[in-house]
Amino acid sequence: MMNDYLITLALAALPALGNFLGGLLAEFFRTSQRTLSIALHGAAGVVLAVVAVELMPQALKAAAPWIIILAFLAGGGLFMVVDALLDVVGSRYGGEKGQAGPWMIFFGVSVDLFSDGIMIGAGSTLSFGLGLLLALGQVPADIPEGFATIAAFKARGVPRRTRLLAAAAFALPIFLGTTIGYFGVRGRPEVVKLALLAFTAGMLTTVTVEEIVPQAHQGKETKQATFAFIIGFALFTFLSVYLD
């Protein structure tokens, strides 16, 4: 069983590498507010597609939908607590909430990676092929998220060493999610797995609406950014449908 778990972790490394690659692209290419807005719109489209196309449809298959709804509320509530804490930290050390913005984007992407890990870990318990498809399906969607995160850090003047460490740290939430999904699902009632998916969906939705989208709308609006949102949503939907 340990060998199977290690193989599952190797699969989970693929989306983490996608995020890291996106971060490296932001390091080596000059980023403007317009570029950041386009990347954030694309990332928002991907995250909302994860919720609308993958997580909630699966979660609502539960025999007791009220549990799923409560789990969704709990996920959103946890984000509100974290947001309040980061607001205090940003006000105390940064002078304004905006200073915490890039870290909230980092948090949102980490939650998305955590949900990727949950899906990969749980899927791998059914078959290696399913786990592989889920892992490969996340990679193209994770690249703009990594780019947007590191670009946001650059825009705030965060040192390069901190930015690279943040990009590398994306491996932690997905490995954690994979571990929980792999070991937590075994022998558990189906409602537990589905409630966990709904909890993650609540966090992702709130993070996207409250942090990623507002950050994406700073500066001059462009039609390309809106198109990037649509492409991001459609891209994940395409991958979800044809790699399922």
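A compact table of results
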read-out: Anisotropy class of the stretch 36-77 from Cα gyration tensor, a/c 1.5 cut; value: oblate
read-out: Average accessible surface area per residue within the chain, 1.4 Å rolling probe, Å²; value: 47
read-out: Dipole in debye (nearest 20) - the chain, about Cα centre, beta carbon charges: Lys, Arg +1; Asp, Glu -1; value: 500
read-out: Local net charge near ALA59, Cβ-Cβ under 12 Å (Lys/Arg +1, Asp/Glu -1); value: 0
read-out: Cβ-based net charge around ALA12, under 12 Å, with every Lys or Arg adding one and every Asp or Glu removing one; value: -2
read-out: Extension gain from ILE230 to VAL192, taking 0.36 nm per residue of separation minus the Cα-Cα distance; value: 10.5 nm
read-out: Solvent-accessible area, 1.4 Å probe, carbon plus sulfur percent, for the chain; value: 70
read-out: Under 17 Å from the LYS223 label point (7 Å along Cα→beta-carbon), backbone N, the stretch 32-57; value: 38
read-out: Net length gained if the chain between ILE180 and VAL158 were fully extended (0.36 nm per residue, minus Cα distance); value: 4.7 nm
read-out: Relative contact order for the stretch 94-230, counting Cα pairs under 8 Å that sit 6 or more residues apart, in percent; value: 39
read-out: Potential extension, ASP4-LYS61 segment - 0.36 nm per residue separation minus Cα distance; value: 17.8 nm
read-out: Ratio Rg/Rh [Cα only; Rh per Kirkwood] for the stretch 196-244; value: 1.06
read-out: Whether the stretch 142-218 is rounded, prolate or oblate, judged on the alpha carbon gyration tensor where a/c under 1.5 counts as rounded; value: oblate
read-out: Relative contact order (%) - criterion: Cα under 8 Å, at least six apart; region: the chain; value: 46
read-out: Quotient of C-alpha Rg and 2.2 N^0.38 Å, computed over the chain; value: 0.97
read-out: Exposure of VAL82 as accessible area (Å², to 10), given a probe of 1.4 Å and all protein chains; value: 30
read-out: Kyte-Doolittle at least 1.6, axis length at least 18 Å by Cα - qualifying DSSP helices, the chain; value: 65-89
read-out: Where LEU196, LEU17 fall by accessible area, highest first, once all protein chains stay in place (1.4 Å); value: LEU17, LEU196
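The values are calculated or read from the model by the stated rules, or taken from the named source; none is laboratory data. Being a predicted model, the structure only gives us computed values, none of them experimental. Ideal geometry is used to build each Cβ from the backbone, glycine not excepted, and the neighbour counts take in all protein chains shown. The area values use the complete protein model at the heavy-atom level, side chains included, leaving out ligands, DNA and RNA. Shrake-Rupley method; radii C 1.70, N 1.55, O 1.52, S 1.80 Å.
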